[in-house]
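Enquirer: Below is the structure I would like to discuss, written out as structure tokens.
The values are calculated or read from the model by the stated rules, or taken from the named source; none is laboratory data. From a predicted model like this one, the values you see are computed outputs, not experimental measurements. Methodologically, a virtual Cβ is constructed for each residue, glycine included, from the backbone with ideal geometry; neighbour enumeration extends over all protein chains shown. The protein model used for the area step is the full one, side chains on, heavy atoms only, and it has no ligands, DNA or RNA in it. Shrake-Rupley method; radii C 1.70, N 1.55, O 1.52, S 1.80 Å.
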Amino acid sequence: MTRLVLAGVGHANLEVLRRLGARPGRTAGADERQVPEASLDLTVISPEPWHCYSGMVPGYLRGIYRFEEIAVELAPLVGRAGGSLLLGRVEGFDARRRVVEISAAAAGETAGREVPYDLVAFAIGSDAAGAAAAAARAGDAVLSCKPIGRVVELRRRLDALAEAGQPAATVVVVGGGAAGVEIALAIAGRLSVRSPASRVILIEAGPAILAGSSPRFRRRAEQVLARHGVELRTGTGVTGVLPGDGARLLLTAGDRQGEASEIACSLAVWVTSAVGWPFFRDAGLPLDGRGFLLIDAGLRSVADPRVFAAGDCGTLAAFPGTAKAGVYAVREGPVLFRSLRAALAGGRPPRYRPQRGFLVILNTGDGRALLAYKGFVSYSRWAFRLKDWIDWRFLARYGGRR
């Protein structure tokens, strides 16, 4: 028996689970044939009993989708794969001893546990840079969207801020990448229904939002943010966070004069650049400069072929500039399955090469979406319909339902 541990159920491990559970006669071909159950002792670690689909999170925040529509129950998938589901958050990893350490999750547990493995595949996403330090200073006035399951708490907090009789709230979104833009627009739309006097401010330390995108796409996004009342401040870094009636963000104002050097807010939402989870630093394996596991073309650690990583938590040594975006995690799912199958059978692993570009569609929360592809830019209802179709099609593969 080979002890296979799937640590986290990000997009790639979700696909591995689906393929492990494929039954003869119901697969799409030889590539999805099931690994013999007799050879595998499968454990799946997840902090929650569901997979929350990140592509529909902004729509959930805005109120377009219900939670049960964006979440996939894990128990049926794990059951079909012949594995066991262990609820807990990964908090440590020792490659030398071959154990994954997880937090206590079940009622009555007072300590975490160690899960031994022969093969382990991480799909646990990324942390938001500076989020933990900010939360340590300002408590629950700072909320990160990492891991993605925290979106439930974020929506609850937004609704509490918008309750009748409450003063108008100020919500600051820190980080002007694609996720920051989508979340700022979703928050503005949700608050506008019951608290129209509330402010939403999007802060980006760099000179422009959506770094790496075309100038045309960035300009269109800025217009959409302005249309929905989101105040944009670029070239503005957060240098410190202080507690108060909410939180106080200490800022650098770039080269502009007269702007406030701090912002008091009811809630600060951290959506900054991706960094690796701290426990990887103690694992004894090579990492990149941001703390992600360095992996080869077979999605294996460059130093340990028993350790795999996919999605945000791994960086391809041959393509270190690959964006931390969900599209790559989805594409890596079949590769990870084939690589694990090769490890189990003693075969040659596949070689993954990331695509050079991809379709970008941002949900703007107003029945429209911002789309960019090979120089073409659209802000339209048809772009949202396309995104909605893509998202539902993805979820349907794993048992998601409208």
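Enquirer: With angles folded into 0 to 90 degrees, how steeply does helix 215-227 sit against the dominant principal axis of the chain? Use alpha carbons for both and round to 10.
Expert: The two axes meet at around 60 degrees.
Enquirer: Calculate the length of the line joining the C-alpha centroid of the range 203-227 to that of the range 372-402, in whole Å.
Expert: So the separation of the two Cα centres works out to 21 Å.
Enquirer: When the helix-only estimate is applied to the chain (DSSP H runs of n ≥ 4, each -39,500 (n - 2.57), divided by the residue count), what is the mean residue ellipticity at 222 nm, nearest 500 deg cm²/dmol?
Expert: Result for the chain, helices only: -8500 deg cm²/dmol.
Enquirer: If I stretch the segment between A323 and R3 completely, what's the gain in nm (0.36 nm per residue apart, minus their alpha carbon distance), one decimal?
Expert: That works out to 112.1 nm of additional length.
Enquirer: Taking the Cα centre of the range 267-402 as the origin, how large is its charge dipole in debye, to the nearest 20, when only Lys and Arg (+1) and Asp and Glu (-1) carry charge on their Cβ atoms?
Expert: I would put it at about 620 debye.
Enquirer: Using Cα atoms only, what is the angle between the long axis of helix 151-161 and the major principal axis of the chain, expressed in degrees (0 to 90) to the nearest 10?
Expert: 20 degrees
Enquirer: Out of the range 253-345, which GluC sites (Glu not before Pro) are coil in DSSP terms and have no more than 16 other C-beta atoms within 10 Å?
Expert: Loop-located and lightly packed - E259.
Enquirer: Roughly how many debye, to the nearest 20, is the charge dipole of the chain about its Cα centre, given +1 on each Lys and Arg Cβ, -1 on each Asp and Glu Cβ, and no other charges?
Expert: In debye, rounded to 20, the chain gives about 1420.
Enquirer: Placing +1 at every Lys and Arg Cβ and -1 at every Asp and Glu Cβ, with all other atoms neutral, what dipole size does the range 332-402 have around its Cα centre, in debye to the nearest 20?
Expert: 280 debye
Enquirer: Would you mind working out the accessible area per residue for the chain, using a 1.4 Å probe, and quoting it in Å²?
Expert: Spelled out: the 1.4 Å probe surface of the chain, per residue, equals 45 Å².
Enquirer: Within the range 279-354, what whole-number % of the accessible surface is contributed by carbon and sulfur, with the 1.4 Å probe and all protein chains included in the calculation?
Expert: Heavy-atom surface of the range 279-354 belonging to carbon and sulfur, 1.4 Å probe: 49 percent.
Enquirer: Taking the Cα atoms only, what angle lies between the long axis of helix 11-20 and the longest principal axis of the chain, rounded to 10 degrees?
Expert: The two axes meet at around 30 degrees.
Enquirer: Between Q223 and Y373, what's the calculated FRET efficiency when r is the beta-carbon distance and R0 is 22 Å? Round to 0.05.
Expert: 0.75
Enquirer: HN-Hα J couplings of the range 324-329 from phi, Karplus 6.51/-1.76/1.60, θ = phi - 60°, integer Hz, Gly and Pro as x?
Expert: After applying 6.51 cos²θ - 1.76 cosθ + 1.60, I find 7, 9, x, 4, 6, 4 Hz.
Enquirer: Give the aspartates and glutamates whose C-alpha is closer than 17 Å to that of K324, dropping any in the same chain fewer than 8 places away, or say none.
Expert: Filter leaves D127, E182, D288, D296, D312, E332.
Enquirer: Once label points are set 7 Å from the Cα along Cα→Cβ at both A197 and R306, what is their separation, rounded to one decimal in nm?
Expert: 6.2 nm
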